[in-house]
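Since every read-out is calculated from the coordinates, none of them should be taken as a lab result. From a predicted model like this one, the values you see are computed outputs, not experimental measurements. Glycine also receives a Cβ, built like all others from the backbone with ideal geometry; neighbour counts cover every protein chain displayed.
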Amino acid sequence: MLFRSSIIMLLLEWVLPIAAMFVIFNMMMKRMGGGGGIMGVGKSNAKGYVQKETGVTFKDVAGEDEAKESLTEIVDFLHNPGKYTKIGAKLPKGALLVGPPGTGKTLLAKAVAGEAKVPFFSLSGSDFVEMYVGVGASRVRDLFKQAQQSAPCIIFIDEVDAIGKSRDSRLGGNDEREQTLNQLLSEMDGFDSSKGLLVMAATNRPEILDPALLRPGRFDRRIIVDKPDLKGRVQILKVHSKDVKLDETVDFEEIALATSGAVGADLANMMNEAAITAVKNGRKAVSQKDLFEAVELVLVGKEKKDRILSQEERRIVSYHEVGHALVSALQKDSEPVQKITIVPRTMGALGYVMQVPEEEKYLNTEKEIRAMLVGFLGGRAAEEIVFDTVTTGASNDIEKATRIARAMVDRKSTRLNSSHRCISYAVFCLKK
Ligand code: ADP
């Protein structure tokens, strides 16, 4: 009896609390993203992101012809590594996709895997960064181990700058990130590319990457994925309207002109918003008006119907917006006005003027930039003339105008000082 109760006491006093602590600690680790609790701290969660077949091909990526051309070669390496190794060529190990967010870097990486019909392991740089030293490094090891077992395949690391930041730029260093980066470098040196394993990474800040990552044999191929031009935007709209019913008013060229600076993700979003608007209004097909509404939605936010402006405020906003539009219309070098509205929007505008260029421009003349500056300040000028006072409504216009004016002075003065003489000399040489 005594013996039995002492076992129970031992259980209650020691085993149970330790077991409870183990369970609680394990749960905490899981919550912190340790992947698989205490037993799986170093395990990569690549399994969750592995796709046997991405189902994406180059046809799904519109525009970006140069990037696709460079990647076609890589697809061939993956298809047929033997062809290259037989002749003694070394296969590339890594390709770095560089470009702003939403330009289709992930989509391109998936398309490479889809075209080569190989599995796609994807992780984001931030997935490796843990609070425990050594966890990131062991995740990298685990990821490469898994991938090597499934070769030929592609490893895709999004936002690689989260682990690949230059080591010199960090004051005091960060042991965890440094270890993770070192592990990535040694894995990239270690694997055998003739098996058809390729590491792709994406970043929009290549300048902060550690130079060691960009050395030959690592991410030595750089593929630029830029914002789409007019033609690219039309093609992206076409790709994303594949399954959308459109009516006869739709003109993609016009939408593409109005969306200069938009990336693929914005355009995909616009197409979807336009389809939703059409359904909301009980129509069976998307019209050009729906598309323009979607452009506004993505660029300036939703209509804010509950913001009730007073009669006087509405008058001020009206004159302000007409001021912008008139000044733009009266100048020779400004872009044509497409729409004036005084419906407040969720991104803060109480009204705005939409200007759409007649054609895509790659260069701006000084006259055009000056016309832009005058256009920005037209709203405030109208307020001054009509109400003999000004409001805070022009603050955003002034901010934009200041940014442009500052850039004009900064860049022009440095260029004039340093290169004016060079230009004069070039002219002199040419004349000779
Ligand atoms: P990134 O990785 O550069 O941030 P993504 O590849 O994640 O961008 O793009 C997000 C989405 O935007 C894609 O899933 C796709 O729907 C759309 N998209 C972006 N670029 C393109 C493109 N060039 N062609 C077609 N769709 C695109």
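List of remarks:
- Ranking of ARG141, ARG411, ARG314 by neighbouring Cβ atoms within 10 Å, starting from the fewest: ARG411, ARG314, ARG141.
- Residue pairs, from the table LYS231/LYS339; LYS145/LYS195; LYS93/LYS231; LYS59/LYS117; LYS110/LYS245; LYS86/LYS110, whose Cα atoms sit over 21 Å apart: LYS231/LYS339; LYS93/LYS231; LYS110/LYS245; LYS86/LYS110
- The range 178-254: trypsin sites (Lys or Arg not before Pro) falling in loop per DSSP and having at most 12 other Cβ within 10 Å: LYS242, LYS245
- Rounded tilt (10° steps) of 230-240 against the dominant C-alpha axis of the chain: 60 degrees
- Rounded D (µm²/s) - the chain, Kirkwood Rh over Cα pairs, Stokes-Einstein at 4 °C, 1.567 mPa s: 49 µm²/s
- Relative contact order of the chain, defined on C-alpha pairs under 8 angstrom at six or more residues apart (%): 13 percent
- Relative to the Cα centre, the charge distribution of the chain, modelled as +1 at Lys and Arg Cβ and -1 at Asp and Glu Cβ, gives a dipole magnitude of about 980 debye.
- Range in the chain, longest, excluding exposed chymotrypsin sites (Phe, Trp or Tyr not before Pro) [loop by DSSP; at most 16 other beta-carbon atoms within 10 Å]: 133-361
- Computed over the range 96-154, the percent of Cα pairs more than 14 Å apart is 64.
- Taken over the C-alpha atoms, the range 184-292 has Rg and Dmax values of 20.5, 59 angstrom.
- Kirkwood radius, the range 131-242, all distinct C-alpha pairs, inverse of mean reciprocal distance: 15.8 Å.
- Calculated Rg and Dmax of the range 300-372 using C-alpha coordinates, Å: 14.3, 42
- Over all pairs of different C-alpha atoms, the range 170-232 has a mean inverse distance whose reciprocal, the Kirkwood radius, equals 14.0 Å.
- The ranking of GLU335, GLU360 from fewest to most other beta carbons within 10 Å of each one's beta carbon is GLU360, GLU335.
- The Cα center of the range 187-242 and the Cα center of the range 271-285 differ in position by 35 Å.
- The GluC sites (Glu not before Pro) of the range 227-269 that DSSP puts in a loop, and whose beta carbon has at most 16 other beta carbons within 10 Å, are GLU248.
- Over 20 Å [Cα-Cα, the range 244-378], rounded percent: 54 percent
- Charge dipole (Cα centre; +1 on Lys/Arg Cβ, -1 on Asp/Glu Cβ; no other charges) of the range 283-432 amounts to roughly 660 debye.
- Cα-based helix-to-principal-axis angle, 105-116 vs the chain, degrees rounded to 10: 60 degrees
- Seen against the Cα atoms of the chain and their longest principal axis, helix 395-431 is set at about 90 degrees.
- Taking only the alpha carbons of the range 50-121, we obtain Rg and Dmax values of 12.6, 39 Å in that order.
- Beta bridge orientation in the chain: antiparallel %, DSSP, nearest 5: 25 percent
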